[in-house]
Amino acid sequence: NLGASSNTILKLSMPPTFLNSVWASGMGGTVLFSSNAGTTWTQQGGGPLTSNSIDAIEAVDVNGTLANTLVFAAGAVGAIWKSTNGGTTWAPDPDTGIVTSALLDISCRSSTSCLAVGANNTVLTWNSANWVVTSTGGARTWRAVAAWTFGGTNRAVAVGTTGGLQTQTGSTWT
């Protein structure tokens, strides 16, 4: 029941630390939060963050406290929003606009290591202080990314249009 919004939901984020906490993003700048596994929802940020869609959302446990959860939201024209208090308040990330392509997914290994992907072959890397352009320019649209650390090595998989599939081991994409 998404009673707090009539907009289409595009993405969900459920950090494993907080088993009943779910963030949702969608059309019309919607960001919603549920503390009871989706039974009820509340709008975050005091209303829509933008009039455009928010295509990606990712919540990351920082120190085991829901109130300190880092949440990123991203969407059209390279817009990125950031919350450092579990989504209670939001602000445009200072790196908003480093690309002009739509950002369609975000995945974080930790609060200091994230990837964002999107249209025009866009890949951004979060290094705990700012977003850095890793790749841009091209016809491929990356639709989804999953990032993790295994055996001390950063890994990721991105999937996209025209049969696109790339994997990352360390800092190398293949």
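The values are calculated or read from the model by the stated rules, or taken from the named source; none is laboratory data. Worth saying up front: this structure is predicted, and the values here are computed from it rather than measured. Using ideal geometry, Cβ is built from the backbone for each residue, glycine included, and neighbour counts are taken over all protein chains shown. These area figures cover heavy atoms from the full protein model, side chains too; ligands, DNA and RNA do not enter into them. Shrake-Rupley method; radii C 1.70, N 1.55, O 1.52, S 1.80 Å.
The table that follows gives values for the structure above.
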quantity	calculated
Residue among Thr134, Thr162 that alone is polar (S, T, N, Q) and part of a loop (DSSP other than H, G, I, E, B)	Thr162
Cβ pairs under 6 Å, 6+ apart, first in the range 81-110 and within 22 Å of Ser35 (Cα to Cα), second assigned to a loop (DSSP other than H, G, I, E, B)	Trp81/Leu49; Trp81/Trp90; Lys82/Asp93; Ser83/Trp90; Gly86/Thr69; Gly87/Gln44; Trp90/Gly45; Trp90/Leu49
Qualifying residue in the range 51-61 (condition: among the charged types (D, E, K, R) and modelled with pLDDT under 90)	yes
The listed residue being of a type in the set (Ser, Thr, Tyr), closer than 26 Å to Arg155 by Cα and open to solvent by 40 Å² or more (accessible area, probe 1.4 Å), out of Thr69, Thr84, Thr40	Thr84
Filter result for Val132 (modelled with pLDDT under 90, of a type in the set (A, V, I, L, M, F, W, C) and surrounded by fewer than 18 Cβ atoms within 10 Å (Cβ to Cβ))	no
Boolean, Ala76 is surrounded by fewer than 16 Cβ atoms within 10 Å (Cβ to Cβ) and not hydroxyl-bearing (Ser, Thr, Tyr)	no
Ala116 being modelled with pLDDT of 90 or more, in contact with a Leu (Cβ under 7 Å, 6 or more places away or on another chain), of a type in the set (A, V, I, L, M) and open to solvent by less than 50 Å² (accessible area, probe 1.4 Å)	yes
Residue match in the range 20-30 (condition: surrounded by 14 or more Cβ atoms within 10 Å (Cβ to Cβ), under 23 Å from Thr125 (Cβ atoms) and under 17 Å from the mean Cα position of the chain (by Cα))	yes
Residue match in the range 147-154 (condition: assigned to a loop (DSSP other than H, G, I, E, B), farther than 25 Å from Gln44 by Cα and open to solvent by 40 Å² or more (accessible area, probe 1.4 Å))	yes
Single residue of the range 87-108 satisfying the filter (of a type in the set (A, V, I, L, M, F, W, C) and outside any loop (DSSP other than H, G, I, E, B)) that is surrounded by the fewest Cβ atoms within 10 Å (Cβ to Cβ)	Ala91
Residue tally, condition modelled with pLDDT under 85 and at negative phi, over the range 156-174	11
